[in-house]
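Taking it in order: structure first as structure tokens, then the write-up.
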Amino acid sequence: MAPLPEFFRHRSTLHGQAHVSRVMIHAMRLIEATGQPALGPQLWASVFLHDLARTHDGVCYRHGADAAQRLRDEPVLQQRLAEAGLVEADYPAIEAAVTAHSAPKEVSRDNQYWPLIALLKDADGLDRVRLGDLDPRYLRHPEAKAMVPFAQALFDATDGVIATGPAHFEQLCEAARLLPGWDRSAP
């Protein structure tokens, strides 16, 4: 479900596999809580790709656009998405969400891809607990705001406890299921 460490341009403990795995869990919960299951596959792909092109852990407004470019350029990423049932017609929405997640300006709610963009930004935003600077006022969905305690509990229970690698995401999910608030249908 989550990219292996070798997919990342910058092998990071801050924006690497552990972060993307937690964002994936938040994304799954948001899909359920907001009642938008049709966006699930595109949101999964957007989360999978969103930080793959980072080259450092500092402020970077272009890594989302660079990740979208990697999708266009790298057959291995296209194949991974195809294995998950995504097709080329899904790419514009995925690319828009991945690009917007790191852009300095908020995308208009009139944008045709706003629902996917907002879900990715909220799922990614929930993992700002790892930085200690999550401000719930910036989350777009009320359901995401209600998930802040779960996000903190997930980070606290798993940070540095589960080794990255092929089994990381599955182990993270097992740990998450033990936390209060795991029920994905309710924050």
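The values are calculated or read from the model by the stated rules, or taken from the named source; none is laboratory data. All values reported here derive from a predicted model rather than from experimental measurement. Methodologically, a virtual Cβ is constructed for each residue, glycine included, from the backbone with ideal geometry; neighbour enumeration extends over all protein chains shown.
Remarks
- Qualifying residue in region 75-95 (condition: among the β-branched types (Val, Ile, Thr), within 30 Å of TRP182 (Cβ to Cβ), crowded, with 21+ Cβ neighbours inside 10 Å and in contact with an Asp or Glu (Cβ under 9 Å, 6 or more places away or on another chain)): no
- Residues within region 139-187 that are of a type in the set (Phe, Trp, Tyr) and assigned to a loop (DSSP other than H, G, I, E, B), tallied: 1
- Count - residues of region 118-177 that are among the β-branched types (Val, Ile, Thr) and touching a Phe, Trp or Tyr at 6+ places or on another chain (Cβ under 7 Å): 1
- Of the criteria (1) closer than 20 Å to GLY132 by Cβ; (2) modelled with pLDDT of 95 or more, which one ASP66 fails: (1)
- Looking across region 96-131, the residues that are closer than 22 Å to HIS19 by Cβ, buried (at least 19 other Cβ atoms within 10 Å of the Cβ), out of contact with any Gly (no Cβ under 9 Å at 6 or more places or on another chain) and of a type outside the set (A, V, I, L, M) come down to LYS121, ASP122, ASP124, GLY125, ASP127, ARG130.
- GLY58, sole failed condition from (1) without any contact (Cβ under 8 Å) to a residue 60 or more places away in the chain; (2) small (Gly, Ala, Ser); (3) in contact with a helix residue (DSSP H, G or I) (Cβ under 7 Å, 6 or more places away or on another chain): (3)
- For region 3-37, the set of residues classified as over 9 Å from the mean Cα position of the chain (by Cα), surrounded by 24 or more Cβ atoms within 10 Å (Cβ to Cβ) and closer than 15 Å to LEU52 by Cα consists of GLN17, ALA18, listed by residue number.
- Just one of the listed residues (PRO92, PRO37, PRO104, PRO41) is at pLDDT below 95 and out of contact with any Ser or Thr (no Cβ under 8 Å at 6 or more places or on another chain), namely PRO104.
- Here LEU52 clears all of (1) closer than 17 Å to GLY125 by Cβ; (2) in a loop (DSSP other than H, G, I, E, B); (3) not hydroxyl-bearing (Ser, Thr, Tyr) except the condition numbered (1).
- For LEU154, the test of being without any contact (Cβ under 8 Å) to a residue 24 or more places away in the chain and crowded, with 19+ Cβ neighbours inside 10 Å is failed.
- Checked across region 131-146, the condition of being under 30 Å from ARG109 (Cβ atoms) and aromatic (Phe, Trp, Tyr) holds for at least one residue.
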